[in-house]
1. Could you work out, for the range 792-859, what percent of all Cα-Cα pairs fall into each 5 Å distance bin, beginning at 0 Å and stopping at the bin that holds the largest distance?
2. Evaluate Rg over Rh across the range 393-526, taking Cα atoms for both radii and Kirkwood's formula for Rh.
3. Under a 1.4 Å probe, what is the accessible area of the chain per residue, stated in Å²?
4. At a 1.4 Å probe radius, carbon and sulfur cover how many percent of the accessible area of the chain?
5. Which loop GluC sites (Glu not before Pro) in the range 311-363, with loop taken from DSSP, have no more than 16 other Cβ atoms within 10 angstrom of their Cβ?
6. What size of dipole, in debye to the nearest 20, comes out for the range 71-226 about its Cα centre when the only charges are +1 on Lys and Arg C-beta atoms and -1 on Asp and Glu C-beta atoms?
7. Compute for the chain: radius of gyration divided by Kirkwood radius, i.e. Rg/Rh, restricted to C-alpha atoms, rounded to two decimals.
8. Counting only residues 5 or more places away or on other chains, whose amide H sits under 5 Å from the amide H of C480 once H atoms are built in the peptide plane?
Amino acid sequence: MMKSVYRFGGGTADGAADLRNHLGGKGANLAEMASIGLPVPPGLTIATPVCAAFYDAGGKLPESVKTETLDALKHVEAVTGKIFGNPADPLLVSVRSGARVSMPGMMDTVLNLGLNDATVEGLATASGNPRFAWDSYRRFIQMFADVVLGLDHYLFEDALEILKEDRGVTLDTELSAEDLQGLVARYKTIVAQTWGDEFPQDPHEQLWASIGAVFGSWRSDRARTYRRLNDIPESWGTAVTVQAMVFGNRGITSATGVAFTRDPSTGERVTYGEFLINAQGEDVVAGIRTPQYLTKAARERAGARAESMEEAMPAVYSELDRVFALLEIHYRDMQDIEFTVEDGRLWMLQTRSGKRTAKAALKIAVDMANEGLITEAEAILRVEAGALDQLLHPTLDPKAPRQVIARGLPASPGAASGVIVLDSDSAEARSRLGEAVILVRTETSPEDIHGMHAARGILTARGGMTSHAAVVARGMGRPCVSGAGTLSIDLAARTVRVPGHVLKEGDRITLDGATGEVMLGEVSTVEPELAGDFATLMEWADKYRRMKVRTNAETPADCRTARGFGAEGIGLCRTEHMFFEPSRITSVRRMILAEEASTRAEALAELLPEQRADFEAIFRVMAGLPCTIRLLDPPLHEFLPHDETGYDDVAAATGIAPATVRRRIAELHEFNPMLGHRGCRLGITFPEIYAMQARAIFEGAIAVAKDTGEAVVPEVMVPLVATARELEITKAVIEAEAEAVFEEQGHRLDYLIGTMIELPRAALRAADIARHAEFFSFGTNDLTQTTLGISRDDAARFLGVYVDQGIYPRDPFVGIDEEGVGELVELGASRGRSTRPDLKLGICGEHGGDPASIAFVEKLGLDYVSCSPYRVPIARLAAAQAALRAKS
Ligand code: PEP
Ligand code: MG
């Protein structure tokens, strides 16, 4: 059986990083830092399973855990030489949360625990610093009141502000010991009045209550929201770490800070972070005092005056630098660190893999591989494929005019335009209505998490590069400008003032998270391209990838974009998209409304040259790469109008009598068009439509082949096949047309005929179907809808509830339902290959661009995935990761 409580510090530790799931990230890393000899204050970690036990016991700690905790506390006392609760020289502790994966700012912390009216005096005498002792006590009361007693923290902040005003000072650090002693008395009165009882004086009572509150914060609303957004299971629970306090608020040789071993926005290899002299950790995040930079270079770049740590505390800084290097070598990843300097001595309070933007993730992975810290394969696995999406969106056009109205810190890169919204609930509400919003706040707190998620970008007036807004925005991939100091928000008037402008909620602004600029109105953007580290990582990925990556595209522009991103062919060209072009819709309608074969033939003859030109343009862009072109799929009435004016317009344009138009449209009406007259059923009933399309494909291909001298190998694909016979019939039509065109043109081409597998029957009968098909492309959009019996167009209304209740782990139209649809794909693939071992297999439903689904089809041995142009790099990386994981 595993223990519940683990000790660390004093050069030893009971657990280490391999116990991460059990000890939480923080507990495991503290243990590991302690065991590799880094300066870590001693402490103990109560393991994650206790969290569930705590809830099962109705919010109580099991007695056995209490006994183990007290035992481990003795170790802390032995290492520090201080006794918990000793009025002469007390051991003080912090109580912090630590889940398996970091959830920054989502759960609660209590610092300076163990102080009471007696021990505060002891601390004052033992430290020779009464001001520090009273400062620590007032902080403890406030945190305990907020976190454990649930009192409003504003009550305490207001009392502090009033005191500072009385004393005529602006900074907390300017208050004297006596001032703070008075403040403690005031705080205790506030507690007694609002909580109804005296502030608890017994350190053990304080300890159990705080541990309970931290376990309790695992189920706070904000922690739940964060877990939902980040797919973190409720069952994991948090660990709780109780650790000897070291004090950054002992005077001007003490400090507290946070740092990253590399820049988490850009990935550059520079020490990045902030610190505050004579302060405790919460002061840095709270944005009350402006933190100072760690390095001289960062200070100079920002044009700040206050000395950097490198300048103010050179010896501690170089020790910190040494520790950073050790941590990177040890963990082989960029670290996010919290530290405290107590009387000139450095202590590490936390290390974890730092959250980073996609851009930084790329650069760090590529750099670390080049530095020899990790392998190329590891670099590929380090970058979350889905996160590349952040880099595949347009960025601000450097040449576009910008009216900059404010500047802040470049806290999270990317560009965003939207309307100003001043609170998170409105941000969520307005974005649900489809509006692009920018959340503008003085500063954000964990309560803003839903608004930040809903917003395109975040702008704050206060807070540094490690403020809540900055950290969370980077994690979410939202552009963020923080600490735009000239911004002032009037929540009552719903306005934002910047020098020279008063903006109203609803006014449009643009943020550039890479430069920190805030601009009036919308600024134009440019398309992203693969260059630099991105291109390097993609090259590496291509070395390890087994599956090919194609694109779903039907215009030359999309084909060009996809090729720029490395697409190796077209996996799905949906020809119906070409039918909607204004120049041809009338001919399409004439074809559909035709009652005689001869009139239909006339309409098709009008369409032929248009389709030929479409295919020719695509073959040219794709320059010999394989192109799968799918024959017409959707029900015909999708091309017809749905109201009276529309009917009259169609009658006028086609020259068909209005009454005939109405009658034909009524005849074509279907109750369930998704399961109606669509796909190859059109080709069976109107073979002339497929014949026209096949002719256009072959004529277009021959024109390009003749012109360029390159081989063009069209792959003609029949949609919605359920039976082998359907394919056999339509295939004969295509082949006859091919022969006719070859004959006429005096030029032959190689070509393939294949089918979509997008109906359960097709997957089941794949062995028969493969007799007529040279390739299969799994259409998992229709296959999902027909296997689950859930209409792809109506699913959104209820699927959210299904996912919340765990009926499907994800939206099955986004991530493939492995158990059901996945099994049909597996069956289709193996049965198809049993007939035709060299059958080419691909997937072209939306799942072809989803990393988890790509990993799934890698295991089935498909030959390629096909996805929309902007997802091609994601698919390349995901396919490489899947291949690497399959090997290991
Ligand atoms: C599919 O059904 O998965 C598919 C790719 O075809 P469409 O989305 O055009 O129906
Ligand atoms: Mg389909």
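The values are calculated or read from the model by the stated rules, or taken from the named source; none is laboratory data. Just so it is clear, the structure is predicted and the values come from calculations on it, not from any experiment. In this analysis, Cβ positions are derived from the backbone assuming ideal geometry, glycine residues included, and neighbour counts consider all displayed protein chains. Heavy atoms of the whole protein, side chains included, go into the accessibility calculation; ligands, DNA and RNA do not. Shrake-Rupley method; radii C 1.70, N 1.55, O 1.52, S 1.80 Å.
1. In whole percents, the pair-distance histogram is 3, 15, 23, 22, 17, 10, 5, 3, 1.
2. Values: Rg = 12.9 Å, Rh = 14.0 Å.
When Rh is taken as the Kirkwood radius, the ratio is 0.92.
3. 40
4. Carbon and sulfur: 51 percent of the exposed surface of the chain.
5. Hits after loop and neighbour filter: nothing returned.
6. It works out to roughly 660 debye.
7. Rg/Rh for the chain comes to 1.06.
8. A411, S412, I458, G513
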